[in-house]
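Student: Input: one structure, supplied below.
The values are calculated or read from the model by the stated rules, or taken from the named source; none is laboratory data. Everything numeric here is computed off the predicted structure, so don't read it as measured data. All Cβ positions, even for glycine, are placed from backbone atoms using ideal geometry, and neighbour counts span all protein chains on display.
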Amino acid sequence: MALPSAWSVMRVAIPFISVVGLLSVRLAGASQDSGSVIPAESRPCVDCHAFEFMQRALQDLKKTAYNLDTRTETLLLRAEKRGLCDCYHAVH
């Protein structure tokens, strides 16, 4: 089975990362306006959460790419089979 090309993965990943960045900036601004201060000791590590989020996003992208690849292969096999059947009936 062919793996998705780097370009096709990047076409999905770049807009996704941009949206995530915009949402995180908007959420950061909203939390600063709320006026509640969380002590640094009880705050989660931002880098750790960002890494986990991006890791889950990458897994979702891989799963989506695999599903698209599988569907493409299935459609290609159907088209080849249909072409062979048409060719067979035309000859006989």
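Student: If you check S18 against the conditions, is it modelled with pLDDT under 70, part of a helix (DSSP H, G or I) and surrounded by 10 or more Cβ atoms within 10 Å (Cβ to Cβ)?
Tutor: Taking the combined requirement at face value, the residue does not satisfy it.
Student: Here is a further query. Out of the range 22-54, which residues are small (G, A, S) and modelled with pLDDT under 75?
Tutor: Within the range 22-54, S24, A28, G29, A30, S31, S34, G35, S36, A40, S42 meet the criteria.
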